[in-house]
Amino acid sequence: MKHKEWIDAAFEEAYKGMRNNAGGPFGAVVVLNNQIVGLGHNQVTSTHDPTAHAEMVALRDACKKLKQFHLVDAEIYTTSEPCPMCLAALYWANIKKIYYSTDKHQVAEIGFSDQFIYEQFKLPEEERFIPIEQIDLEKGKALFEEWRNKEDKTHY
């Protein structure tokens with residue numbers, strides 16, 4: 001295991017992005033078969049993309065290079081504990097293991113708190129900050145029925 005090498009690479013990404021004003025102080029690398037296959041640093045402010053967190057950028061990089069959307073045997077090394085969005089994406093990608101340095105409490109101390117999101121998830125939909133409402137269920141059912149019957153679909 002090369003834990004130190006991989007976490008150091010994640011920190012290099014974080015410093016690179018932060019020092020170039022690409023975004024916040026976060027970096028990540030995806031490792032597969034003892035090789036870095038994805039690199040990422042936070043690019044939220046430079047790309048005007050709220051999803052451009054280091055883990056998301058590293059995942060996108062790895063998936064594009066490997067031409068696959070599941071990273072079953074891959075691991076990710078990230079400078080901070082993944083936020084709820086990144087954690088969900090790592091689950092969707094079927095990442096094998098997550099390694100991180102600073103935790104969500106330490107990240108909150110420098111102004112990056114996800115506590116509001118964690119609290120929102122616990123609330124019933126009608127009490128959440130952003131209202132959510134289901135509409136046009138029949139169109140949704142028709143769309144899903146077409147997907148169910150589509151013979152040339154890629155399962156995921």
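Worth pointing out:
- Efficiency of FRET between residue 123 and residue 51 - r from beta-carbon atoms, R0 35 angstrom, step 0.05: 0.95
- Looking at the stretch 72-147, the GluC sites (Glu not before Pro) that sit in a DSSP loop and have at most 16 other Cβ atoms within 10 Å of their own Cβ are 133.
- Charge dipole magnitude, Cβ of K and R +1, D and E -1 - the stretch 30-156, Cα centre, debye nearest 20: 600 debye
- Close amide-amide hydrogen proximity is noted between residue 24 and 44, 45, each under 5 Å apart and 5 or more residues distant or on a separate chain (H modeled in the peptide plane; Pro and chain starts excluded).
- Simple point charges give the picture: +1 on the Cβ of Lys and Arg, -1 on the Cβ of Asp and Glu, and for the stretch 1-89 a dipole about the Cα centre of about 240 debye.
- Gyration tensor (alpha-carbon) shape descriptor, the stretch 70-156, a/c threshold 1.5: oblate
- Anisotropy class of the stretch 1-65 from Cα gyration tensor, a/c 1.5 cut: oblate
- Averaged per residue, the chain has 70 square angstrom of accessible surface, using a 1.4 angstrom probe with ligands and nucleic acids left out.
- Between the listed residues 115, 54, 7, the Cα displaced farthest toward the positive end of the dipole of the chain, a dipole computed from Cβ unit charges relative to the Cα centre, is found at 7.
- In loop segments of the stretch 1-98 as defined by DSSP, the chymotrypsin sites (Phe, Trp or Tyr not before Pro) with at most 15 further C-beta atoms inside 10 Å of their C-beta are 69.
- Approximate spin-label separation residue 69-residue 141, in nm, with each point projected 7 Å along Cα-to-Cβ: 2.6 nm
- Straight-line reach from residue 139: taking Cα to Cα under 20 Å and skipping same-chain neighbours fewer than 8 places apart, the lysines in range are 150, 153.
- The phi-based Karplus calculation (6.51 cos²θ - 1.76 cosθ + 1.60; θ = phi - 60°) puts the 3J(HN,Hα) values of the stretch 136-153 at 6, 4, 5, 5, x, 4, 4, 4, 5, 5, 4, 4, 4, 8, 5, 7, 9, 7 Hz, whole numbers, x for Gly and Pro.
- Local electrostatic count, residue 5, Cβ distance below 14 Å [Lys/Arg +1, Asp/Glu -1]: -2
- The chain, accessible surface, carbon-and-sulfur percent (1.4 angstrom probe): 55 percent
- Helical runs assigned H by DSSP (4 residues or longer) give the chain a calculated mean residue ellipticity at 222 nm of -13000 deg cm²/dmol, each run adding -39500 (n - 2.57) before division by the residue total.
- Those aspartates and glutamates that a straight Cα-Cα span of less than 19 Å connects to residue 67, excepting residues fewer than 8 apart in one chain: 55, 75, 152
- Cα shape, the chain, gyration tensor, a/c 1.5 rule: oblate
- Coil-residue trypsin sites (Lys or Arg not before Pro) of the stretch 1-92, DSSP, other Cβ within 10 Å capped at 14: 2, 67
- Two-site FRET efficiency, residue 105 against residue 151, from Cβ-Cβ distance with R₀ of 35 Å, rounded to 0.05: 0.10
- The heavy atoms of residue 37 offer some 20 square angstrom of accessible surface to a 1.4 angstrom probe.
- Residues 90, 66, 32, 137, ordered by accessible area of protein heavy atoms at a 1.4 angstrom probe radius and largest first, appear as 137, 66, 32, 90.
The values are calculated or read from the model by the stated rules, or taken from the named source; none is laboratory data. What you see is a predicted model, and the numbers here were worked out from it, not measured in a lab. For neighbour counting, all protein chains shown are included, and Cβ atoms are generated from backbone atoms with ideal geometry for every residue, glycine included. For accessibility, only protein heavy atoms count, side chains too; no ligands or nucleic acids. Shrake-Rupley method; radii C 1.70, N 1.55, O 1.52, S 1.80 Å.
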